[in-house]
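See below for the structure under consideration.
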Amino acid sequence: DAGVIQSPRHEVTEMGQEVTLRCKPISGHNSLFWYRQTMMRGLELLIYFNNNVPIDDSGMPEDRFSAKMPNASFSTLKIQPSEPRDSAVYFCASRPDGNSGNTIYFGEGSWLTVV
Amino acid sequence: GDSVTQMEGPVTLSEEAFLTINCTYTATGYPSLFWYVQYPGEGLQLLLKATKADDKGSNKGFEATYRKETTSFHLEKGSVQVSDSAVYFCALSDPGNDMRFGAGTRLTVKP
């Protein structure tokens with residue numbers, strides 16, 4: 001079975017440009033998560049969707065960040081305009097709905113560098 | 001809110017040494033507890049989990065026991081290998097909620 005698929009794997013962009021990260025969750029999973037990982041701040045939850053609806057977006061750092069989930073098989077995280085401090089690894093993860101014992105499955109991450 | 005606190009690293013051990021990485025949690029309900037591992041250049045993957053008090057999760061020689069009385073879920077392994085070098089994350093999930101991760105502990109095992 002395919003796991004969580006993220007694209008692009010690596011992106012280098014200039015400050016001020018728009019960045020769009022994409023995620024395809026595991027089929028049948030009802031919950032989708034976006035995390036950001038940096039050396040300084042560790043792993044931070046940015047936003048959590050359940051059944052395509054944003055449940056908790058309190059971790060989205062500022063208005064430059066937005067996330068959408070138009071359907072059960074696709075989500076985007078957009079940064080506009082990008083800044084050097086946005087450089088990080090962005091992980092998408094999905095989980096079957098149901099009880100809290102369900103495992104979260106991570107994609108391989110999108111490595112973003114803003115110069 | 002719910003949170004986990006885990007031992008700060010980095011941890012450096014010699015091969016075949018005993019490993020303990022401490023993790024404690026704060027939760028209002030009855031969470032499930034997890035250990036995830038991240039190898040260089042990869043995403044996080046589940047190592048083991050426990051869904052109720054006194055449960056023991058185990059995998060690849062690693063173990064952790066869900067201790068409600070001490071709100072802990074410490075990770076242990078009796079004899080580490082070089083291939084265990086990675087970053088280890090403790091995490092919890094409450095019913096209906098997202099999953100919260102600790103800061104991660106980097107383990108380096110030297111031959």
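Could you tell me which residue of the stretch B:42-51 is surrounded by the most Cβ atoms within 10 Å (Cβ to Cβ), considering only residues that are of a type outside the set (Asp, Glu) and facing chain A (nearest Cβ under 8 Å)?
Per the criteria, the residue is B:Leu44.
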- Item | Scan of the stretch B:76-92 for residues that are among the hydroxyl-bearing types (Ser, Thr, Tyr) and not in a loop (DSSP other than H, G, I, E, B), ordered by number | B:Ser83, B:Tyr88
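Picking from B:Tyr36, B:Tyr25, which residue would you name as being away from every other protein chain (no Cβ under 11 Å), buried (at least 20 other Cβ atoms within 10 Å of the Cβ), closer than 23 Å to A:Ile47 by Cα and in contact (Cβ under 8 Å) with a residue 40 or more places away in the chain?
B:Tyr25
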- Taking the stretch A:79-115 as the search range and keeping residues that are surrounded by fewer than 15 Cβ atoms within 10 Å (Cβ to Cβ) and away from chain B (no Cβ under 14 Å), which one is nearest to A:Ile5 (Cα to Cα)? A:Thr113
- Task: Please enumerate the residues belonging to the stretch B:30-75 that are among the aliphatic types (A, V, I, L, M) and either under 9 Å from the mean Cα position of the chain (by Cα) or not in a strand (DSSP E or B) (or both).
- Result: B:Leu33, B:Val37, B:Leu47, B:Leu48, B:Ala53, B:Ala64, B:Leu75
- Determine which member of the set A:Thr38, A:Thr20 is within 12 Å of chain B (Cβ to nearest Cβ), of a type in the set (Ser, Thr, Tyr) and either surrounded by fewer than 18 Cβ atoms within 10 Å (Cβ to Cβ) or in contact with a Pro (Cβ under 7 Å, 6 or more places away or on another chain) (or both). A:Thr38
- What do you reckon, is B:Glu16 in contact (Cβ under 8 Å) with a residue 24 or more places away in the chain and away from chain A (no Cβ under 12 Å)? yes
- Task: Give me the pairs, please: first residue somewhere in the stretch A:54-76 and farther than 16 Å from A:Ser31 by Cβ, second residue anywhere and of a type in the set (Val, Ile, Thr), beta-carbon distance under 8 Å, and either six or more positions apart or on two chains.
- Result: A:Met60/A:Ile47; A:Arg64/A:Ile79; A:Phe65/A:Ile79; A:Thr76/A:Thr20
- Out of A:Asp63, A:Asp86, sole residue that is among the charged types (D, E, K, R), farther than 27 Å from B:Ala50 by Cβ and modelled with pLDDT of 95 or more: A:Asp86
- Message: Of the residues B:Leu92, B:Leu75, only one is crowded, with 21+ Cβ neighbours inside 10 Å, more than 14 Å from chain A (Cβ to nearest Cβ) and aliphatic (A, V, I, L, M); which?
- Response: B:Leu75
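The values are calculated or read from the model by the stated rules, or taken from the named source; none is laboratory data. Values in this document were obtained by computation on a predicted structure and should not be read as measured data. Cβ atoms come from the backbone with ideal geometry, glycine included; neighbour counts cover every protein chain shown.
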